[in-house]
Each structure stands twice: as C-alpha cells, then as structure tokens.
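Q: Sharing a structure with you now.
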Amino acid sequence: MTALRLILGDQLSGKMTSLSDLDKDNDVVLMAEVREEATYVKHHKKKIAFIFSAMRHFAERLRQKGIEVVYIKYDDDDNQGSLFEEVKRLASQRKVDRVIVTKPGEYRLLADMQKWQENLNVEVVLREDERFIASTKDFAEWAKGKKQLRMEFFYREMRKRTGILMEGSQPVGGKWNYDSENRKPLPKGGVDVPAPTRLECDDITKQVIELVDTCFSDHFGSLEQFHYAVDRDGALEVLKAFLEQRLANFGTYQDAMKQDEAWLFHSHIGLYLNTGLLLPDEVVKAAEQCYESGKAPLNAVEGFIRQILGWREYVRGLYWLKMPEYKRLNHLQATRRLPEFFWSADTDMNCLKQCISETRANAYAHHIQRLMVLGNFSLIAGLLPDDVNEWYLIVYADAYEWVELPNVSGMVLYADGGMLASKPYAASGAYINKMSDYCKSCQYSVTTKTGDKACPFNYLYWDFLIRNRDTLSNNHRMGMIYNTLDKMTNDKVEAITSSARSFFDKLDSNEKV
Ligand code: FAD
Ligand code: DLZ
Ligand code: SF4
C-alpha cells in the first residue's frame, strides 16, 4: 500500500492532516513548483521566491525525518506544469493506491481536485485543513439562521470557546474590545520604531531568487533585499522579535501610517501563518502570555489577538460559506478598470504612491494602508471588483483567495452588500491626514475640497455617496452622512461632481493624476 501525500506551497507544517498517518516505509510525499500555481495570477516576485524557498526548506525538513520526498523544481526539464499532471505521473510511476491531500485554501483548486479521482483511477482523499482554530463546520453552525454575520459576535464566541483572555465567562479587563484606544497617529515628536527582523538569505533562497528573476521577469515587484524567513525557525524568530519589541505598541499605533516607514509596530507574520510556518493557536497563546507576564498592555494584546482569533478565522469561515457566489458579487455595480498607477506608482497622490511603492518593494503593506488608502481609493473611485481582487491577490506575500477575497470584496468594496461590513469604509482625505504624514509631501491640498489642487479623496468621497445614493441611503448607518450631503448647496454639489468628472476623465485617458 503506497499513499502519495501531496503538500501544497501553503501547507508547510508538520501538522497537516495529509501527513498525519504517514507510513515512512511505504509512502511518498510530493511537492511541486508548477507553472499553473505560479501564474494563475502573476504573483509578486517576492511572493514566489518566498513560497518556493519555503517549500524547498520544508522538503529538506521532511527528508531529515526520514520521509521520502519527490520534489519537482520549477526549472526541471520534465516539469509537467500542473499539480494534477505531477500527481498523475508519480501515481503511475510508483503504483500508488491513494492520493492524500489536505483541502487547498482556494475554491478554484478544490473544485479541480474534486475531479482528480475520476481522471486518475486512484482514490483521492481530501482531508480537512485543521490548522485553523474554527473549522468551516464550526463557522457554518455559528452562521446558521443569523441575518447578519458580524465578526465581533463570532470573535466573542471564539474567546469563550478557547478561553483566551477570559476570566470564567467574562472577558479579561471587563471589555471584549479595546479598539477605541487603538486609533492614535504616531506622536508628533516621533517614536522609535524597531527595525523589522531581516534574515540572511541562505544558498537555497539565493538559488530561488535567481530562478524567479529569470522565469518571472514580467511579474510585478522587486526581488531586492529579500529578508523573509523561509522556515519555521526563522518564522519563530520573527514572532519572538515582534512579541518582545513591538507588541506593546501594536494596539496604540495599529492604524498609524508614516512616510517611508513600511513596517511600524505590526507583526509581519501573515505570510508565515498562511503557509503553515506558524500556527494561529500558538501565536495567540504567545501573545496572551505577554499580557499575563506584564510585557504588553491589554489594548495591544487584545487588539492583536482579535486580528487572528477574530478576523482571520472569520474571513476564512465566510469565504467557504459563501463561495463560489461570493466572487461574483458587485453590489455597487462598480465598473472602472484598475488604473495603471496601481502597478507603476506613478501618481501625484502621495499616499497612494507611498503604499504602492512599498508594496512593490516588499510584497507587504500593513492593514490600514491596504484598507484606508488603497482600498478606500478603489471603493470611492468605483473600481471593478475583479480587477481589485486580482491586484491584491498578486501583490501581497500573504495573499491567498480565502483571506484576500472577503477583505477586498467585503471589507473594502462593499461588493457583498454588507455581509461582512455594516457600511462601506469610505473616507475623505481628512482621515489619511489624521493618521499619517503623507499629506505634507503631497502635491494636492488635503484641506481643499474641490478643484484641480484639491485632494481627490475629498471630492471622490462625496461623489461616491452621490453616485450610490439609491443603494446606500437606506442603510441606517449612512443616515447622518446623507443628511450632511442634503444640507449642501447646489453649487457645492456641482463643484464636487464636476471635480470628480474631470478627475475620472484624466484617469480614464491614462493621464497622470
Ligand atoms: P498584523 O497587523 O500584525 O496582524 C496580525 C495578523 O492578524 C496578520 O498577520 C493576519 O494573520 C491577521 N489579520 C489581521 N487583519 C486581518 C484581516 N482583516 N483578515 C484576516 N487576517 C487578518 N491578510 C492576509 O493574510 N492575506 C491577504 O491577502 C490579505 N488581504 C487583505 C486585503 C485588504 C484589502 C485588507 C484591508 C486586508 C487584507 N489582509 C490580508 C488583512 C491584513 O491587512 C493583513 O493580514 C496584514 O496586513 C498582514 O500584516 P501583518 O502580519 O503585519 O499583520
Ligand atoms: C502561491 C503558490 C505558488 C506561487 N506556487 C506554488 C507551486 O508552485 N506549487 C504549489 O504547490 N503551490 C504553490 N502556491 C500555493 C498554491 O497556489 C496554494 O496552495 C493554493 O492557491 C491554495 O491555497
Ligand atoms: Fe493622499 Fe489627499 Fe493626502 Fe495627497 S492630500 S496624500 S491624495 S490624502
């Protein structure tokens, strides 16, 4: 009896269910760098380098444990180009009687795998991914019969279920959520931001970088200064440095942004969590321990834990509950194509220029950059959800559809009509000015509301509300904003719509904005 155990590029954990009952004497593990996965969207070069290097390190780790691994490199002459073809070839070479794989994180690949058995003539066993704290079944149970699926209530259930930051049945400190303390910009006098952990590239990573440079030269992003961890030890080092040096300030400055400071007080572990180098329960427990030992305050620890125990688990549950329909949703009927400057960063809007340049350099931007700069612009400019989703899936090293899609279509674009967010996260330039120093170096004036010199976020915000009045004005959380709009003079409204019109004319004809 030989089982072929397939490990995907984001399944790099010894705890994968596909490895659970492995028989070292008979079974074989297959890992394959393939064109189909590397190009179904044109991933950022650093994302591919990270995944290939982490895959190669994980294969070594399995081999050191005495497990047989067949590893297909991207530039192997006879690389078959797809996971299915690689499985098929090995299954026939080795007279395999079972293919075992943990379910993938993306619907498209799951749908493909569900057809493998009939095309392979071998049993294909798809196992649940148990790296998450809540199973997809747990989420579906929680969601059953609910009109609204609010993250905050799911999160409270998760706190109760796991006992994390709980005293009996009550939340530690008496409140479930300390977000109101977590919205400060960086202090005017400055604050010392610890440098992110930068790990040296070993020979495996150097080889992979060369390969990516050659084979994916037309993909977005820079390969310069690759410093990500590529194995579990490295990922644990990054986590440790975060817990010791940045967690205490994570909450307070969670929403802050600063020119030329890409990393701030965030953890930079999303890519490790999403590939299995770190597991969510160990991260959450390690953060809780920092509160218990007095190393970090409650607003920071609760805020951080909520991202993982709350948001991360929630979006995954929502994705599997609502796919495949979720991907087709476009509640606001947005149609504008993604502007070229999302790739080139060639825009006079300094906030966008900063966030896109940092994304191109690092395959990383922190949450508020993704949500309130890049996402906010995508929302108020009415960009097509398919284009925006593809962009986010390409550019971030932590991007897989299960987590990217609900964040983009739900949190950013309101394309799901409010399944995830109770109202669109639209904001004018005032928000960006409050939370960052971007506006100081911008050619536009954040205090000017309309006209050529005005910050485009200012008039696009109101124009968005005007364009979508029929769809949004019934939302009770939008009532006050529409009241303010209704009190505006006709001249003011006309100035807003005409500023927006000329901005869109320039944008649509590829002029620099
Ligand atoms: P931290 O700020 O230190 O947060 C800690 C961890 O919490 C993250 O590593 C992540 O695992 C989790 N987390 C935080 N916010 C979220 C969230 N909204 N949803 C799910 N998990 C969360 N996260 C991804 O992992 N992959 C994506 O493709 C992705 N796309 C996003 C797209 C948009 C438009 C937005 C608004 C957010 C997106 N996020 C995504 C969530 C979040 O921005 C990133 O997880 C975070 O910026 C990663 O950096 P970090 O590890 O320093 O996170
Ligand atoms: C993202 C990615 C890339 C770039 N390349 C590979 C690959 O060559 N082989 C592989 O097994 N996995 C890769 N991945 C991760 C998969 O795309 C991921 O497993 C699915 O999208 C499901 O989440
Ligand atoms: Fe962005 Fe407007 Fe500020 Fe310029 S003025 S950085 S466009 S918010």
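The values are calculated or read from the model by the stated rules, or taken from the named source; none is laboratory data. Everything numeric in this text was worked out from a predicted model, so none of it was measured. Cβ placement follows ideal geometry from the backbone for every residue including glycine, while neighbour counts extend to all protein chains displayed. To get the accessible areas, we keep the full protein, side chains included, count just its heavy atoms, and leave off ligands, DNA and RNA. Shrake-Rupley method; radii C 1.70, N 1.55, O 1.52, S 1.80 Å.
Q: For region 174-191, which positions are of a type outside the set (Gly, Ala, Ser), open to solvent by 80 Å² or more (accessible area, probe 1.4 Å) and under 21 Å from GLN307 (Cβ atoms)?
A: Residues satisfying the conditions are LYS175, ARG183, LYS184.
Q: Still on this structure: For region 198-205, check the following and say yes or no: at least one residue is under 24 Å from ILE356 (Cβ atoms) and open to solvent by less than 100 Å² (accessible area, probe 1.4 Å).
A: no
Q: Please give the number of the condition PHE153 fails out of (1) in contact with a Phe, Trp or Tyr (Cβ under 9 Å, 6 or more places away or on another chain); (2) outside the structural domain of GLN289 (by TED's automatic domain parsing).
A: Result: PHE153 fails condition (2) only.
Q: Does GLU68 qualify as being in contact (Cβ under 8 Å) with a residue 40 or more places away in the chain and among the acidic types (Asp, Glu)?
A: Yes; evaluated as a whole, the condition is true for this residue.
Q: Pairs under 7 Å by beta carbon, first residue more than 19 Å from ALA363 (Cα to Cα) and assigned by TED's automatic domain parsing to the domain that holds GLN11 in region 394-420, partner at pLDDT 95 or above and near ligand 1 (Cβ under 6 Å from one of its atoms), six or more apart or different chains?
A: Nothing qualifies.
Q: Just checking, does region 36-45 include any residue being under 20 Å from LEU271 (Cβ atoms), modelled with pLDDT of 95 or more and more than 11 Å from ligand 2 (Cβ to nearest atom)?
A: No, region 36-45 contains no residue that is under 20 Å from LEU271 (Cβ atoms), modelled with pLDDT of 95 or more and more than 11 Å from ligand 2 (Cβ to nearest atom).
Q: May I pose another question? Hey, could you check region 1-40 for residues that are of a type in the set (Val, Ile, Thr) and open to solvent by 10 Å² or more (accessible area, probe 1.4 Å) and say which is farthest from PRO280 (Cα to Cα)?
A: Per the stated criteria, the residue is THR2.
Q: List the number of the failed condition for ILE305; all other conditions in (1) touching a Leu at 6+ places or on another chain (Cβ under 9 Å); (2) within 16 Å of ligand 3 (Cβ to nearest atom); (3) not assigned by TED's automatic domain parsing to the domain that holds ASN389 hold.
A: Among (1) touching a Leu at 6+ places or on another chain (Cβ under 9 Å); (2) within 16 Å of ligand 3 (Cβ to nearest atom); (3) not assigned by TED's automatic domain parsing to the domain that holds ASN389, the lone unmet condition for ILE305 is (2).
Q: Suppose we keep only residues that are buried (at least 21 other Cβ atoms within 10 Å of the Cβ) and within 17 Å of LEU109 (Cβ to Cβ) within region 308-321. Which one would you say is farthest from the chain's Cα centre (by Cα)?
A: Going through the qualifying residues, I end up with TYR319.
Q: Separate question: Only residues in region 373-391 that are farther than 20 Å from LYS434 by Cα count as the first member; pair them with residues that are surrounded by 24 or more Cβ atoms within 10 Å (Cβ to Cβ) and hydroxyl-bearing (Ser, Thr, Tyr), Cβ under 6 angstrom, at least 6 apart or cross-chain, and list the lot.
A: PRO385/SER409; VAL388/SER378
Q: Of these, ASN350, ASN407, which one is more than 16 Å from ligand 2 (Cβ to nearest atom) and surrounded by 20 or more Cβ atoms within 10 Å (Cβ to Cβ)?
A: ASN350
Q: Tell me which residues, restricted to region 182-198, are in contact with a Ser or Thr (Cβ under 8 Å, 6 or more places away or on another chain) and not polar (S, T, N, Q).
A: LYS184, PRO185
Q: Here is a follow-up. Please note which helices (runs of 4 or more DSSP H) are completely contained in region 355-469 and include at least 3 residues that are away from ligand 1 (no atom under 11 Å from the Cβ), farther than 26 Å from PHE52 by Cβ and at pLDDT 95 or above.
A: 385-395, 429-435, 456-467
Q: For the list (1) open to solvent by less than 50 Å² (accessible area, probe 1.4 Å); (2) out of contact with any strand residue (DSSP E or B) (no Cβ under 6 Å at 6 or more places or on another chain), I need the number of the one condition that ASP75 fails.
A: Unmet for ASP75, out of (1) open to solvent by less than 50 Å² (accessible area, probe 1.4 Å); (2) out of contact with any strand residue (DSSP E or B) (no Cβ under 6 Å at 6 or more places or on another chain): (1).
Q: Pick out, from region 177-283, the helices (runs of 4 or more DSSP H) lying fully within it that include 2 or more residues that are more than 30 Å from ARG35 (Cβ to Cβ).
A: Those helices (runs of 4 or more DSSP H) span 232-245, 247-250.
Q: Scan region 284-303 residue by residue and report those that are assigned to a loop (DSSP other than H, G, I, E, B) and open to solvent by less than 30 Å² (accessible area, probe 1.4 Å).
A: ALA296
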